Amino acid sequence: MSLDEQLQRIAAGDLSEFDSLYEETKGTVYYIALSILKDRSLAEDVMQSCYLKVLRFAGKYKQGTNAAAWIGRIAKNEALDLRRRRQREHSVDTGENEYLFPTYGIDESSHLIDIARQVLKDGEFAVVMLVAEGYKRREIAHMLQIPLPTVTWRYNQAIKKLQHAIHS
């Protein structure tokens, strides 16, 4: 069943499709939030608020448009809102105490993801993670609300940086 159909059923009150929708989009939501916030626990908080908004506003989604991009934009907006709210707060570095801040449900064991988070700019990281999730560049452009050539440029720059970091 497509994301459009799942959102349509959720909007009609059938929550049985939510688990499937979550499984298909959780990586996208997480990596968009992580690219903006650079903090695993905050990215997980954004995931929760994002999916609450998806449930709340599923009826406002326009069928036939890109459902993944719609959910991605909600995640992006939630992450940006959270970052603005926390600008004056001191955050805990989860990287120093990872055992205290486990990441549930997201496969982030790859050393490459850690390298990418360190080496890449926010926009480059988001593009690379969305490509890794299987999205096409056109879909990523729509999700992140940036021009398609910018997606291609960021992806190429990110790959060069990662190759350099790995071979250094």
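The values are calculated or read from the model by the stated rules, or taken from the named source; none is laboratory data. Predicted, not measured: the structure shown is a model, and the values here were computed from it. Glycine gets a Cβ as well: all are built from the backbone with ideal geometry, and neighbour counts include every protein chain shown.
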Task: Some residue of the stretch 21-29 being of a type outside the set (Gly, Ala, Ser), at pLDDT below 95, in contact with a Gly (Cβ under 6 Å, 6 or more places away or on another chain) and within 26 Å of Arg138 (Cβ to Cβ) - done: yes
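Quick grid of which residues meet (1) charged (D, E, K, R); (2) in a loop (DSSP other than H, G, I, E, B); (3) free of Cβ contacts under 8 Å to residues at least 60 places away in the same chain; (4) outside the structural domain of Glu78 (by TED's automatic domain parsing):
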residue: Gly123; (1), (2), (3), (4): no, no, no, yes
residue: Tyr135; (1), (2), (3), (4): no, yes, no, yes
residue: Ile146; (1), (2), (3), (4): no, yes, yes, yes
residue: Thr150; (1), (2), (3), (4): no, no, yes, yes
residue: Arg154; (1), (2), (3), (4): yes, no, yes, yes
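Table: residues versus (1) modelled with pLDDT of 90 or more; (2) loosely packed, with under 13 Cβ neighbours inside 10 Å.
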| site | (1), (2) |
| --- | --- |
| Gly64 | no, yes |
| Gly72 | yes, no |
| Glu78 | yes, no |
| Asp107 | no, yes |
| Ile113 | no, no |
| Lys121 | yes, no |
| Phe125 | yes, no |
| Ala132 | no, no |
- [ ] Looking at (1) modelled with pLDDT of 90 or more; (2) closer than 16 Å to Lys161 by Cα, find the lone condition where Ala141 falls short.
- [x] (2)
Task: Residue list for the stretch 52-61, restricted to those being within 16 Å of Met143 (Cα to Cα) and touching a Phe, Trp or Tyr at 6+ places or on another chain (Cβ under 8 Å) - done: Tyr61
TODO: Taking Arg56 as meeting all but one of (1) modelled with pLDDT of 90 or more; (2) touching a helix residue (DSSP H, G or I) at 6+ places or on another chain (Cβ under 9 Å), write down the number of the exception.
DONE: (2)
Task: Of all residues in the stretch 19-42 being among the hydrophobic types (A, V, I, L, M, F, W, C) and within 8 Å of the chain's Cα centre (by Cα), the one that is surrounded by the most Cβ atoms within 10 Å (Cβ to Cβ) - done: Ile32
